[in-house]
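Heads up, the thing below is written out as structure tokens.
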Amino acid sequence: QQPREQLSRAPPTTVCESAPTSGEMTMLDSHFRPLPEGNSDEVRRYLDEREPESFTLLDVREPWEYRICHLEGSQLIPMGQLAGALNALDPNRETVVICHHGIRSRQVAMYLQYRGFTQVINLADGIEGWARHVDLDMATY
């Protein structure tokens, strides 16, 4: 049996060098308050009670996904580009994070909390849930 090859961690890139390490993510899980999240029906009702200028819809999917379907008024910043684009977001403004199924958006929402964002909500069932429960005419993939 041959010894396993040791994998080395890739050097940080400009896009992700300020992203938290896995150790920091473990600390995040135990240190920060629970992440507010809701399914598409809950988030729709919640947003319907607010003025559109009072919140940001942050879509963290890839551009090809966004072209297929997206929420009107949402801002596209792919997950891999977020660390370099944080200055485009207001950390004190309510931010609803969106992805396809709610997994990437949950990771991004936790990262935003880590970076000092105070009002972050994860769309737990993603744009897929929105298309199935809120906007039945929305394209899916």
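Looking only at residues of the stretch 118-128 that are out of contact with any helix residue (DSSP H, G or I) (no Cβ under 6 Å at 6 or more places or on another chain) and open to solvent by less than 10 Å² (accessible area, probe 1.4 Å), we find that the one that is nearest to Glu65 (Cα to Cα) is Ile127. Residues being within 13 Å of the chain's Cα centre (by Cα) and part of a helix (DSSP H, G or I): count how many of those fall in the stretch 40-84. Matching residues across the stretch 40-84 total 4.
For Leu28, are the conditions met, namely being open to solvent by less than 50 Å² (accessible area, probe 1.4 Å), among the aliphatic types (A, V, I, L, M), at pLDDT below 95 and not in a loop (DSSP other than H, G, I, E, B)? Yes: the conditions hold for Leu28.
The values are calculated or read from the model by the stated rules, or taken from the named source; none is laboratory data. On a predicted model such as this, the values are computed, not experimentally measured, just so you know. When we count neighbours, we look across all protein chains shown, and the Cβ atoms used for this are built from the backbone with ideal geometry, even at glycine. Remember, those area values only see protein heavy atoms, side chains included, never the ligands or the DNA or RNA. Shrake-Rupley method; radii C 1.70, N 1.55, O 1.52, S 1.80 Å.
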